[in-house]
Amino acid sequence: MIGIYQDDFIEYLKRKLGDHIKTSSKNIICPCPFCEFGEEKSHYHMYISIEIPIFHCFHANCEKSGSLKKLLKKLEGHDISDEFVDKEKLAEITKQRKIFTDQEKTQSKIQVPIINSSKFMLKDMYMKQRLKFSRTTIGLIKGLIFDVDAFIEMNDIIVDEGLFRMREYLQQNFVGFLTENNSTVIFRIIDHSHSVRFYKLKIQQSNFLDYYKLSGNNQNSNKIVLAEGIFDIFTEHIFDTLNIKQNIKLYASALSSKYISLIHSIIFHEQVFQPDIIILSDRGIGREYYKKLKKYNKHIINRLDVYYNKTGKDFNDTPVTPIKYTI
Ligand SMILES: [Zn+2]
């Protein structure tokens, strides 16, 4: 058995897609039949969850996703999922998932330098101001980076031309946040001295959109909170304006409005099954966008609630006056 699948599922995939089938502790990774069929590559983008009968292609131009049935229809012409999915195992895993919160860390370990607030006073002040002078201890914020040079040194980050040009600016004017799967540092400028306000530094290969994550108070919940900006989730996490933290599993941001990619990343990498999603929306994104998002992703989203801040452009613009729309 591989998760919920009979052993011959792998054999079947090899027959259909070639020998390049890999398995991790959560997914089968193989060539995408929609966009990579017959192509020779060093890595492929189709992820098939081994706990839930769903798939997703993380190739930026493809992003095909859906139930295993849909994948098998593509491969076989009709649904033969019953031949491969062990129904008892599926029921057992669905039950177990509630208590199983182990994290897969396939990426190599990345270290973050200790926060030195007296050496980086402006960065420290910026963080305090963005966190509304709450009692959060800046030095304990997960993945926060002030000393960019030290971070590059201690992790042997390759300094390519782009980083070479940005390095001094990053060291002087940016705070960084290491993403959950250690693939990216999301940098945010602390003043307006430079036209570049954000910078994403890719430090390791990842086939999916990586994200910054904060834990909620209920690890068994299927409720997740998403926002475009890191400070949106910080503000809600700290002040709990919506009074939901007790029931939330996680808060995530990818410094991107690609919510569909973010949702897929979280389903596949946090193993959240059919999440109830709460989006803290920027004012600029209309409800039509979310209606489409819900419509095309019905198979993986249980519920979608979108909040706007009536008195600000986003959720870091305090005090927040939330208005809720159930999509
Ligand atoms: Zn694809």
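The values are calculated or read from the model by the stated rules, or taken from the named source; none is laboratory data. Treat the numbers as computed from the prediction; the structure is a model and nothing was measured. Here the Cβ positions follow ideal geometry from the backbone for every residue, glycine too, while neighbour counts run over all protein chains shown.
Within the set L140, L170, L178, L131, the sole residue that is crowded, with 18+ Cβ neighbours inside 10 Å, outside the structural domain of N27 (by TED's automatic domain parsing) and out of contact with any strand residue (DSSP E or B) (no Cβ under 9 Å at 6 or more places or on another chain) turns out to be L131. When segment 1-29 is filtered for residues that are among the hydrophobic types (A, V, I, L, M, F, W, C), away from the ligand (no atom under 14 Å from the Cβ) and over 20 Å from F208 (Cα atoms), the ones remaining, listed by number, are M1, I2, I4, F9, I10, L13. Please find, within segment 246-259, the residue that is modelled with the highest pLDDT out of those that are buried (at least 18 other Cβ atoms within 10 Å of the Cβ) and either on the phi > 0 side of the Ramachandran plot or assigned to a helix (DSSP H, G or I) (or both). So the residue we want is Y259.
Residues in segment 268-290 include at least one that is part of a helix (DSSP H, G or I) and under 15 Å from E63 (Cα atoms).
All of I54, I4, I50 fail the test of being touching a residue at least 60 places away in the same chain (Cβ under 8 Å), surrounded by 19 or more Cβ atoms within 10 Å (Cβ to Cβ), closer than 23 Å to S221 by Cβ and touching a Lys or Arg at 6+ places or on another chain (Cβ under 7 Å), apart from I4. When segment 30-62 is filtered for residues that are within 21 Å of N297 (Cα to Cα) and more than 11 Å from the ligand (Cβ to nearest atom), the ones remaining, listed by number, are I48, S49, I50, E51, I52, P53, I54.
Say whether the condition of being modelled with pLDDT of 95 or more, crowded, with 18+ Cβ neighbours inside 10 Å and outside any loop (DSSP other than H, G, I, E, B) is met by at least one residue in segment 86-103. No, every residue in segment 86-103 fails to be modelled with pLDDT of 95 or more, crowded, with 18+ Cβ neighbours inside 10 Å and outside any loop (DSSP other than H, G, I, E, B). Among residues that are within 22 Å of E88 (Cα to Cα) and in a strand (DSSP E or B), I28 is included. Filtering segment 131-177 to residues that are over 17 Å from F120 (Cα atoms), among the aliphatic types (A, V, I, L, M) and part of a loop (DSSP other than H, G, I, E, B) leaves I157, I158, V159.
Of all the residues in segment 298-321, those that are touching a residue at least 40 places away in the same chain (Cβ under 8 Å), surrounded by 15 or more Cβ atoms within 10 Å (Cβ to Cβ) and not acidic (D, E) number 5.
Criterion applied to F234, F239 was being touching a residue at least 60 places away in the same chain (Cβ under 8 Å) and crowded, with 22+ Cβ neighbours inside 10 Å, and the one residue passing it is F234. S65 satisfies every condition listed in (1) surrounded by fewer than 22 Cβ atoms within 10 Å (Cβ to Cβ); (2) of a type in the set (S, T, N, Q); (3) within 12 Å of the ligand (Cβ to nearest atom) except (1). Filtering segment 28-83 to residues that are in contact with a strand residue (DSSP E or B) (Cβ under 9 Å, 6 or more places away or on another chain), among the charged types (D, E, K, R) and over 22 Å from Q274 (Cβ atoms) leaves only E36.
Condition (residue is more than 10 Å from the ligand (Cβ to nearest atom), assigned to a loop (DSSP other than H, G, I, E, B) and surrounded by fewer than 16 Cβ atoms within 10 Å (Cβ to Cβ)) applied to segment 70-77: is it met by at least one residue? Yes, the conditions are met somewhere in segment 70-77.
Annotation: L71 fulfils all but one of (1) within 18 Å of S265 (Cα to Cα); (2) modelled with pLDDT of 90 or more; (3) touching a Lys or Arg at 6+ places or on another chain (Cβ under 9 Å); the unmet one is (1). Please verify whether K26 is crowded, with 16+ Cβ neighbours inside 10 Å, over 19 Å from E270 (Cα atoms) and not β-branched (V, I, T), treating the condition exactly as stated. For K26, the condition - crowded, with 16+ Cβ neighbours inside 10 Å, over 19 Å from E270 (Cα atoms) and not β-branched (V, I, T) - is not met.
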